[in-house]
Amino acid sequence: MILVSGGAGFIGANFVLDWLATCDEPVVNLDKLTYAGNLHNLESLQGDARHIFVQGDIGDSALVQRLLAEHRPRAIVNFAAESHVDRSIHGPEDFIQTNVVGTFRLLEAARHYWQALPAAEKEAFRFLHVSTDEVYGTLSAEAPAFTEAHCYEPNSPYSASKAASDHLVRAWHHTYGLPVLTTNCSNNYGPYHFPEKLIPLMIVNALAGKNLPVYGDGMQIRDWLYVKDHCSAIRRVLQAGQLGETYNVGGWNEKPNIDIVNTVCALLDELRPRSDGQSYRAQITYVQDRPGHDRRYAIDARKIERELGWKPAETFDSGIRKTVQWYLDHPEWVGQVQSGAYREWVQKQYQAAEATA
Ligand code: NAD
Ligand code: DAU
């Protein structure tokens, strides 16, 4: 049994689905179901006794303590977070509450649970914290990619809150000996990605005939990793990572945002051409830049490749094609997420605080 937090969100849901498809070990999935949590993502697990869904907050110490005592997981994988940079600029409070205070409370609950475990289980226990490359700040055009030794220079309320959580995790290892692992990953993309983030937003806006808003000059660079490759990296770190270590996870796919948007448009032109024969590129609109916008992220993933033998399975070309196709194949998911209808479905399906999905 493992406990996953935030397992109804984009990466967490992909992780739970992949985990149960590959490991056959039960999962307790603790998710608050904020706007970003969506039980539709886990619909295929309905009736699967290996998946125990619990709606709740990682900051609810009593609830987390009860779940740990009841299910006795051998590991905690912490995905739960507020994850969107623009939202953090608009309203940082939730980011501090969940990413900082929530992680602190989860660490404390984990520490007390771990300390009371019998020796063999104590030895085997792991707390894996899922973090981001944004904690390292921004890179100039010529600078080498972020290694694990790069200093922390977070620039947005989101990245500052994630940096704070990483520091707490590190401190709980050094001070209390909690067996922790941290992963710092680059930009994910793939199925179930909430359409507030660049790639899904461009796909759904393009199909809806709306503008494709490109911030500033569109030359900001991100490194892109297909979400299932992130999931395989987390599984590998959980299995073989060295305690107290951090692992950078990335796809060696540095791309300017405008190239991403053009690629999405080209794939849609091929797979679902506009009825007027024009390219979706006609919908690209340059808009005012994000405040404090980091110019470039790049991940040096050699440590996880060398020490743990992990490599991404997808290239950017194969991953982005699968992603665009997934959105074309799932208009009902997009419609529900955009209209908020899935909230009503959640209310109806999951009225009890705890249910097997
Ligand atoms: P997401 O916003 O799609 O999902 C977050 C999930 O956490 C949601 O299901 C939400 O309901 C849940 N949640 C939020 N607050 C909670 C709380 N207090 N208690 C319990 N559950 C709560 O996020 P994501 O993109 O899937 O990111 C998951 C994790 O991976 C985050 O920690 C994020 O910082 C990290 N990360 C994301 C990316 C990326 O590209 N998306 C890259 C690197 C790291
Ligand atoms: O690097 C990892 C991070 O990637 C994760 O830690 C975050 O949780 C995740 O949200 C993501 O952060 P970004 O800010 O990089 O992702 P976002 O999709 O919001 O933006 C990607 C780039 O595209 C960024 O440079 C801003 C730009 N952008 C974004 C949106 C939503 C646009 O130009 N237009 C847009 O409408």
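Might you check whether a residue that is closer than 30 Å to Tyr327 by Cβ and of a type in the set (Ser, Thr, Tyr) occurs anywhere in the range 166-184? Lay out the reasoning, then the answer.
Of the range 166-184, the ones closer than 30 Å to Tyr327 by Cβ are 183-184.
Applying the additional criterion that residues be of a type in the set (Ser, Thr, Tyr) yields 183.
Yes, there is a match, as at least one residue in the range 166-184 is closer than 30 Å to Tyr327 by Cβ and of a type in the set (Ser, Thr, Tyr).
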Considering each residue of the range 82-108, count those that are over 13 Å from Ser156 (Cβ atoms) and touching a strand residue (DSSP E or B) at 6+ places or on another chain (Cβ under 9 Å), and give that number. 4
Looking at (1) within 16 Å of ligand 2 (Cβ to nearest atom); (2) small (Gly, Ala, Ser); (3) over 19 Å from the mean Cα position of the chain (by Cα), find the lone condition where Gly102 falls short. (3)
Cβ-Cβ distance below 7 Å, separation of 6 or more or different chains: which pairs start in the range 259-279 with a residue that is at positive phi and among the hydrophobic types (A, V, I, L, M, F, W, C) and end on one that is surrounded by 15 or more Cβ atoms within 10 Å (Cβ to Cβ) and assigned to a helix (DSSP H, G or I)? none
Could you check how many residues of the range 208-236 are within 13 Å of ligand 1 (Cβ to nearest atom) and not charged (D, E, K, R)? 8
Restricting attention to strands (runs of 3 or more DSSP E) lying wholly within the range 150-228, give those where 3 or more residues are more than 16 Å from the chain's Cα centre (by Cα) and more than 25 Å from Trp310 (Cβ to Cβ). 212-215
Is it true that Arg295 is within 16 Å of ligand 1 (Cβ to nearest atom) and exposed (fewer than 15 other Cβ atoms within 10 Å of the Cβ)? no
What are the residues in the range 238-291 that are in a strand (DSSP E or B) and either within 19 Å of Trp224 (Cβ to Cβ) or polar (S, T, N, Q) (or both), if any? Thr246, Tyr247, Asn248, Val249, Glu254, Lys255, Pro256, Ile284, Thr285
Is there any pair with a first residue in the range 115-130 that is within 20 Å of Ala171 (Cα to Cα) and a second that is of a type in the set (S, T, N, Q) and in a helix (DSSP H, G or I) whose Cβ atoms are under 7 Å apart and which are 6 or more apart or on different chains, and what are they? His129/Ser165
Tell me whether the range 167-190 contains one or more residues that are at pLDDT 95 or above, within 15 Å of ligand 1 (Cβ to nearest atom) and among the charged types (D, E, K, R). no
Looking only at the range 96-128, count how many residues are crowded, with 17+ Cβ neighbours inside 10 Å and within 8 Å of ligand 1 (Cβ to nearest atom). 3
Return the pair list, or none, for Cβ contacts closer than 6 Å from residues in the range 281-295 that are free of Cβ contacts under 8 Å to residues at least 60 places away in the same chain to residues that are outside any loop (DSSP other than H, G, I, E, B), at least 6 apart or on different chains. Arg281/Cys265
Would you please list the contacts, defined by Cβ atoms under 6 Å and residues six or more apart or on different chains, that run from a residue in the range 236-248 that is more than 11 Å from Pro179 (Cβ to Cβ) to a residue that is in a loop (DSSP other than H, G, I, E, B)? Arg236/Trp310; Thr246/Glu148; Asn248/Glu148; Asn248/Ala301
Do we find that Val237 is under 21 Å from Phe15 (Cα atoms), of a type outside the set (S, T, N, Q) and in contact with a Cys (Cβ under 6 Å, 6 or more places away or on another chain) in this structure? no
With the checklist (1) surrounded by 23 or more Cβ atoms within 10 Å (Cβ to Cβ); (2) more than 11 Å from ligand 1 (Cβ to nearest atom); (3) hydrophobic (A, V, I, L, M, F, W, C) in hand, flag the one item Ala143 doesn't pass. (1)
From the options Asn38, Asn99, Asn14, residue that is touching a His at 6+ places or on another chain (Cβ under 9 Å) and not hydrophobic (A, V, I, L, M, F, W, C): Asn14
Name the residues in the range 105-135 that are of a type in the set (Ser, Thr, Tyr), over 21 Å from Ala240 (Cβ atoms) and within 16 Å of ligand 2 (Cβ to nearest atom), would you? Thr132
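The values are calculated or read from the model by the stated rules, or taken from the named source; none is laboratory data. Here the structure is a predicted model, which means the values were calculated and not measured. In this analysis, Cβ positions are derived from the backbone assuming ideal geometry, glycine residues included, and neighbour counts consider all displayed protein chains.
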